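Reviewing the structure listed below.
The values are calculated or read from the model by the stated rules, or taken from the named source; none is laboratory data. All figures in this text were calculated on a predicted structure; none of them were measured in a lab. Every residue, glycine as well, gets a Cβ built from its backbone with ideal geometry; the counts of neighbours run over all protein chains shown. Surface areas here come from the heavy atoms of the whole protein model, side chains and all, with no ligands, DNA or RNA. Shrake-Rupley method; radii C 1.70, N 1.55, O 1.52, S 1.80 Å.
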Amino acid sequence: MSVAALLRCCARLHRKHVAAHVVQQRALSGAETVNALRPFYFAVHPDFFGQHPREREVNENSLKRLNGYLENLQKPSSRSAQPMELTFYVRDTKETSDHPDLLSSGFRSVSFTLQTNDVLSTVMNVLTSCSLSVEHMKGLKTNAETSRRHPEAGLPFYRPIKWDKSYYTFTGFRDPEQELQQAQRVEPILSLWLRNNETEATKKHSASLPRREELNRLKKELCDTFHLADIRWQRSWGVAHRCCQLQSLSRLYQQNPEALIHLQGHTVVFADQSGMNASGHVMLGTMDVHHQWTKLFEQLPSFRRLQQQTDWLKERISVLLGGTQVVHMERLGPVQPIEEHYGTLSTFHKNLLSRRLWLHPRSLQGLTMLLENDRSNPSLHEMGHFIIPTNCDPPKLQVFLQSHAPEARQRAQRRKQLQAEEDAVVQLCLQTLSLRSLSKEPSVSSSQMVLCCRRLLEQRSPLLQGLHLCVSHFYSVMQDGDLCVPWDWKS
């Protein structure tokens, strides 16, 4: 046997060994994964961040992405996962209380990148990145090693980890289930909470009035100067914080007027990172300096060309799929840069061209779809849009779209009716209850908002007059006097 042939043989054996190793590693069950990540969920669960809406939103989005990453690894046919960067705010627990990066608010920010291709390694990576104990993982690691040594034994033995209450008494660790129950239980009725917090909210709102006027003035001035379509914010920053961001952009214009010439016609979004998102909006990272903003402005012509190519791909995909439109909804997931969105569309378009589809050009007119890289099967969202994997098999996709089109149209029609109903009841609340403003968090659905507003109209509390109200999932008095109330408040 030649040297080259011997090397090829060794390479094949090595690939088989690696493949077998990966399959066995992925055999960690869903229940075992949840139990292994219990300390992590306890430290980052959004329900414990009721007084910190920005951190709560970050953890909610990151948890969705992490769960999708783990679900993809647990599928038998899954391929190597793409690296994913995540950020979490980790609460002060017994394991983390001595951590040097702990903020005065009782939590710290942790960012890490997932590059693992099996569930066990991913869980270990998450726990160690957050400085959490991995002692409870010894049993799972032993099972995995036994499975690798004895592959003929089949699936690893399933033994979920459920600690007895005496464990927390003896060790001094906090019981996550008990704390979560307490957090959910300590929820007052709306009238009592308003009575206890209305004075504080009014005081904070009065103090914020000069800043609110300055914010409106700066926003109008910048929009008029650069002919901006709008100025928005990715997160629920306070009025003072937003004023500082607008003042920073105004100072940049005073120092270098030519730098902002390419901004005309765009929507500016103050966000966590700079760039252009999938919707074509210019994102200005709030932690970036003027030099980084200026560099972004210089790149806007090339970003616009990329956006034009993105629009062309969407048109071609719509023609191939009977008129179905590809859309992108920022509120349903993390911000997607335009480069990543273009890459997703390009991959999906090439995949469609690989197999000819037999669809009438207008048979699916009016339907919408979202593309996702971390899914393996197509699905229909409750709001009527399809959620399609980028690498979905074209014939399978055609069958799915055609068979679910009637239901998609019904749900889309229901969504439009709900939106109209929501708009009407919000206006009625503003007028009847004499509110200064009424809004909701993106995670609150239209049906939840409608139900909440109807109940507010029934109660007609005089304590709501003159307040800024935001419908959320928790009670909170914001720094500028805005009141957050849960959509399912108790009466």
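Straightening the chain between Asp272 and Thr432 buys 53.8 nm, computed as 0.36 nm per residue apart minus the Cα-Cα spacing. Shown in residue order for the range 268-277 are the 3J(HN,Hα) couplings computed by the Karplus curve 6.51 cos²θ - 1.76 cosθ + 1.60 at θ = phi - 60°: 9, 10, 7, 9, 7, 9, 8, x, 10, 8 Hz (x for Gly and Pro). Near Trp312: Cβ cut-off under 15 Å, other residues only, Lys/Arg at +1 and Asp/Glu at -1. The net charge is +3. Residue-wise HN-Hα couplings along the range 236-250, as the Karplus relation 6.51 cos²θ - 1.76 cosθ + 1.60 with θ = phi - 60° gives them from phi, are 8, 6, x, 4, 4, 4, 5, 4, 4, 5, 5, 5, 5, 5, 5 Hz; Gly and Pro carry x. Residues whose amide H lies under 5 Å from that of Thr324, counting only those 5 or more places away or on a different chain, are Leu364; hydrogens are built 1.01 Å from N in the peptide plane.
Between Pro257, Ser274, Trp237, whose Cα lies farthest towards the positive end of the dipole of the range 215-279 when Lys and Arg beta carbons carry +1 and Asp and Glu beta carbons carry -1, centred on the Cα centre? The residue sitting most towards the positive pole is Trp237. Each residue of the range 282-287 was assigned a 3J(HN,Hα) from its phi angle through the Karplus expression (A = 6.51, B = -1.76, C = 1.60, θ = phi - 60°), giving 7, 9, 10, x, 5, 9 Hz with x at Gly and Pro.
With a ≥ b ≥ c the root eigenvalues of the C-alpha gyration tensor of the range 268-314, is it rounded (a/c under 1.5), prolate (a/b larger than b/c) or oblate? Taking the square roots of the gyration eigenvalues as a ≥ b ≥ c, the range 268-314 is oblate. For Ala278, the residues 5 or more places off, or on other chains, whose built amide H falls under 5 Å of its own are Gln336, Ile338.
Across all directions, the average flat footprint of the convex hull enclosing the Cα atoms of the range 388-453 is 5.9 nm². In the complete set of protein chains, residue-level accessible area for Tyr89 is approximately 30 Å², probe 1.4 angstrom. For Val269, nonlocal amide neighbours, meaning residues 5 or more places apart or on other chains whose placed amide H falls under 5 Å from its own, are Arg232, Val282, Met283, Leu284. You can think of it this way: the chain between Arg65 and Ser461 has 138.6 nm of extra reach, that is 0.36 nm per residue less the Cα-Cα gap. Which shape class applies to the range 211-298: rounded if a/c is under 1.5, otherwise prolate when a/b exceeds b/c and oblate if not, where a ≥ b ≥ c are the square roots of the Cα gyration tensor eigenvalues? Because its axes are fairly even, with a/c under 1.5, the range 211-298 counts as rounded.
What a 1.4 Å probe finds exposed on the range 247-395 is 48% carbon and sulfur by accessible area, rounded to a whole percent. With the whole protein complex present, Cys243 retains an accessible surface near 10 Å², based on a 1.4 Å probe.
With every protein chain in place and a 1.4 angstrom probe, the accessible-area ranking of Lys314, Lys204, largest first, reads Lys204, Lys314. Is the range 200-260 best put as rounded, prolate or oblate by its Cα gyration tensor, with a ≥ b ≥ c the root eigenvalues, rounded for a/c under 1.5, and otherwise prolate when a/b is larger than b/c, oblate when not? Because a/c hits 1.5 or more and a/b exceeds b/c, the range 200-260 counts as prolate.
The slack in the chain from Lys350 to Arg54, taken as 0.36 nm per residue of separation less the alpha-carbon distance, amounts to 102.7 nm. Counting only heavy atoms of the protein chains and using a 1.4 Å probe, Phe303 has close to 20 Å² of accessible surface.
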